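What follows is one structure encoded as structure tokens, with my remarks underneath.
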Amino acid sequence: MLAEVPLEEEVVLVRMDVAGEDVEPLLERGIVPGCRLCPVRHAPVGGPTVYSVDGCLVALRREIASCLCVRSALEAAGVLDSN
Amino acid sequence: MADSRPLVLLAGPPNSGKSTLFNSLTGLRQRVANYPGVTVERRSGVVRLASGRVELVDLPGVHGLSSRSLDQLVARRALLGEMEGGRRPDGLVILLDSTRLSSHLMVAESFLGLGIPTLVVLAMADELDRRDGAVEAAELSRELGVEVALVDARDPGTLGSVHSFFEALLTGGEEARACPAVAVADSHVAQSPARAPTRPLPVVDLFSARRDRARQLGRAAGYRAPRESVVTNRLDALALHRIWGPVVFLGVVALVFQTIFAWAMPLMDATEATIRISGRYLHGIMPDGWLRSLLIEGVWAGVGSVIVFLPQILILFFFIALMEDSGYMARAAVVADRLMHRVGLQGRSFLPLLSAYACAIPAIMSARAVEDERDRLATIFIAPFMTCSARLPVYALLIAAFVPAGPVLGPILGRQAAVLIGLYALGLVAAIGTAALLKRTLLRGRPLPFVMELPPYRMPSARSVATRLLDRAKVFLRRAGRIILAVTVVLWVLTQLPRTPDGGSPPIDESALGRMGQLIEPAIEPLGLDWRIGIGLVTSLAAREVIVGTLGTIYGVEAEDDTTLELRAALQRDMDLGSAVALLVFFAFALQCMSTVAVMRRETGGWRWPSLQFAYMLVLAYLGAWAAKSIL
Ligand SMILES: Nc1nc2c(ncn2[C@@H]2O[C@H](COP(=O)(O)OP(=O)(O)OP(=O)(O)O)[C@@H](O)[C@H]2O)c(=O)[nH]1
Ligand SMILES: [Mg+2]
């Protein structure tokens, strides 16, 4: 889960367990399976976390981050995930 | 011949520089800021070229055309030629941010393939270059099958290829070839114009495929993403720091309010003095008679009492402009998200609610950037509870009349300031309570996920800040000029009728206005208010601040120098502390502003929300005022 990834560790998005319409705002901002995500910093007092998504900064709440299935970028290298 | 001008639309994702390009091309002053979702309405302008003119339309930034949000709907309608005029566009400029090309190329796909001549413009060339990124416009053009230009949208010198695209449209030249229908398999546009009933399920796969194509394109065009910005990284380390983040946030908010309260005073005093002196001067040069009485005591005093608040409004907007332009506003939204989440809202509501402290109207418009429809409605609904600047004239008058000056917290906080802050807090508490209530009842539901893009920090430009302030000043003065002028004149006439048998003006309580006031009196008697205030409450429906001018007219203040002082004394005679507080509470809650109601109607698409809101706020105001009166 993306929410558990420590800061500065790059991961690759594998699957999105987000319901129906909710997934679109994410997709439209480049949060699409295969994209590279890296938690950059946590906002204060348990607020959203800022991620670098293919190099651009996007803030996500924890509840969404915990619906995003990721795998370490190193591990993913070479494996092409089609789903 | 307006109709023969080719119509060109400017579309693309939010915060990519569309309005900046629009301004550079048309010479207009469309609002620009470093915050996604600034443009909320289409705005058209004319581009003058050697061989003719082109009509250019700036659209709100969108990530797609699924018509999920109002912004997307506006963009979609314009692209499909479904706007009022029903004109199909003759050309399309797709604006992408070259520093975020990987995701923006995905967005571009939904705009390509509409079968209109298209130009793709990659803005922020300067930033891409500075941060060591690169892209081959010519290669990308070959891949996409449309012209591609790499520009700095702020520098007209780099816009040559955009001009030649327009020239080609005018002369039907070679560059204006229609965009081939590539990769539209997934385009929502290809579906029926009405909202797609059920979207094809594997929307994720669709975007995955899009991403693959976008990456392929990027690779073919030799795209090298820019390094991350060092400045942004450093500043974010502070703005989003665990401890310093909230400190900076609260510091900024405190600074804004401190400035409005304390530092605006000299400016306001100066404005007031100018109005007073010019009034006295006019009084001196005009012949005695009804015209002088109407113009000086009615119009000049009424309009003047409102113009005094211009400095305050401008200062608030100055700060908002700085925060937006620098990129801090997006961070503030992230920091505020946690807080807003508590009351059922989200970080994006922060900007509308902050601007509502100046005026609810731009606030309600800017709520379009709140993507979740329920959150947007809740934001709109509570915005009028924020203490807008139109309430200040009323608060200032009543506080000065009924709250004796004196310290509360030593030299830091005076008693009058404390009451004023209390009124601000009252509005805020009502807003929070209402939001929580709404989100548990009418607007219950799972919200869309909160996703906030954080643009890099940029130096605010003096030009865009100045534009912003000039626009706000114009709107404010026009309002003061029109509404308040009209109300004052009508009131003045009503105090002069019916004429007495000998042709003089009647005593005020027998005038047409007095009679009307006495009709209202029973309703407000429990609040300890008399018919004069009743008239003031009715006229303040047009705009809150009107009550000050109205009372001035009714009390027939004849003083030549300081109108407010006389009005103050008259109020002290007619009201006690309880009814003054009741009136203050009434103003804190009631929705006395027709412009707000009108904007609400437009933004919510009907009378349902504005009428509900009007009734809700009126009931709350009446009960609150009644409670205040009974306690005191
Ligand atoms: N360095 C640089 N900055 C730019 C350029 N174009 C725009 N900007 C800045 O980018 C920010 C966004 O510009 P806007 O023109 O408001 O963007 P927009 O696409 O109209 O945004 P929305 O109305 O929110 O969709 C502003 O701070 C501009 O000053 C450019 O070519 N170079
Ligand atoms: Mg814009």
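The values are calculated or read from the model by the stated rules, or taken from the named source; none is laboratory data. Everything quoted here is computed from the prediction, not taken from an experiment. Every residue, glycine among them, receives a Cβ derived from its backbone with ideal geometry; neighbour counts consider all protein chains shown.
Among the criteria (1) assigned to a helix (DSSP H, G or I); (2) out of contact with any helix residue (DSSP H, G or I) (no Cβ under 6 Å at 6 or more places or on another chain); (3) away from chain A (no Cβ under 14 Å), the one B:Ala401 does not fulfil is (2).
Of the helices (runs of 4 or more DSSP H) lying entirely inside the range B:203-267, those containing at least 1 residues that are in contact with a Lys or Arg (Cβ under 9 Å, 6 or more places away or on another chain), at the interface with another protein chain (Cβ under 8 Å from one of its Cβ atoms) and within 18 Å of A:Cys56 (Cβ to Cβ) are B:230-239.
The residues listed here are B:Asp126, B:Asp97, B:Asp132; of these, the one that is surrounded by fewer than 18 Cβ atoms within 10 Å (Cβ to Cβ) and within 13 Å of chain A (Cβ to nearest Cβ) is B:Asp132. From the list A:Asp54, A:Asp22, the one residue that fits, being within 7 Å of another protein chain (Cβ to nearest Cβ), among the charged types (D, E, K, R) and either touching a Lys or Arg at 6+ places or on another chain (Cβ under 7 Å) or crowded, with 21+ Cβ neighbours inside 10 Å (or both), is A:Asp54.
Once the range B:1-41 is narrowed to residues that are away from chain A (no Cβ under 14 Å) and of a type in the set (S, T, N, Q), the residue that is farthest from ligand 1 (Cβ to nearest atom) is B:Ser4. Total residues in the range B:118-149 satisfying the condition of being more than 29 Å from A:Leu26 (Cβ to Cβ) and touching a Leu at 6+ places or on another chain (Cβ under 6 Å): the figure is 2.
Scanning the range B:60-75 for residues that are away from ligand 2 (no atom under 13 Å from the Cβ) and of a type outside the set (Gly, Ala, Ser) yields B:His63, B:Leu65, B:Arg68, B:Leu70, B:Gln72, B:Leu73. Summed over the range A:28-51, the residues that are farther than 26 Å from B:Val335 by Cβ and either buried (at least 21 other Cβ atoms within 10 Å of the Cβ) or without any contact (Cβ under 8 Å) to a residue 12 or more places away in the chain (or both) give a count of 2. For beta carbons closer than 7 Å, sequence separation of 6+ or different chains, a first residue in the range B:10-23 that is at positive phi and a second that is assigned to a helix (DSSP H, G or I) and at pLDDT 90 or above, the qualifying pairs are B:Gly12/B:Lys18. Considering (1) within 16 Å of ligand 1 (Cβ to nearest atom); (2) within 14 Å of chain A (Cβ to nearest Cβ); (3) buried (at least 24 other Cβ atoms within 10 Å of the Cβ), the lone condition that B:Tyr328 does not fulfil carries the number (3).
Being away from every other protein chain (no Cβ under 14 Å), surrounded by 18 or more Cβ atoms within 10 Å (Cβ to Cβ), within 12 Å of ligand 2 (Cβ to nearest atom) and under 25 Å from B:Asp126 (Cα atoms) is a property that holds for B:Val57. For the range B:19-47, filtering for residues that are among the small types (Gly, Ala, Ser) and within 10 Å of ligand 2 (Cβ to nearest atom) leaves 3. Do we have any residue at all in the range A:36-49 that's within 24 Å of B:Pro226 (Cα to Cα) and within 7 Å of chain B (Cβ to nearest Cβ)? Yes, there is a match, as at least one residue in the range A:36-49 is within 24 Å of B:Pro226 (Cα to Cα) and within 7 Å of chain B (Cβ to nearest Cβ). Please tell me if B:Gly52 is among the small types (Gly, Ala, Ser) and either within 14 Å of chain A (Cβ to nearest Cβ) or within 13 Å of ligand 2 (Cβ to nearest atom) (or both). Here the answer is no, as B:Gly52 does not meet what is asked.
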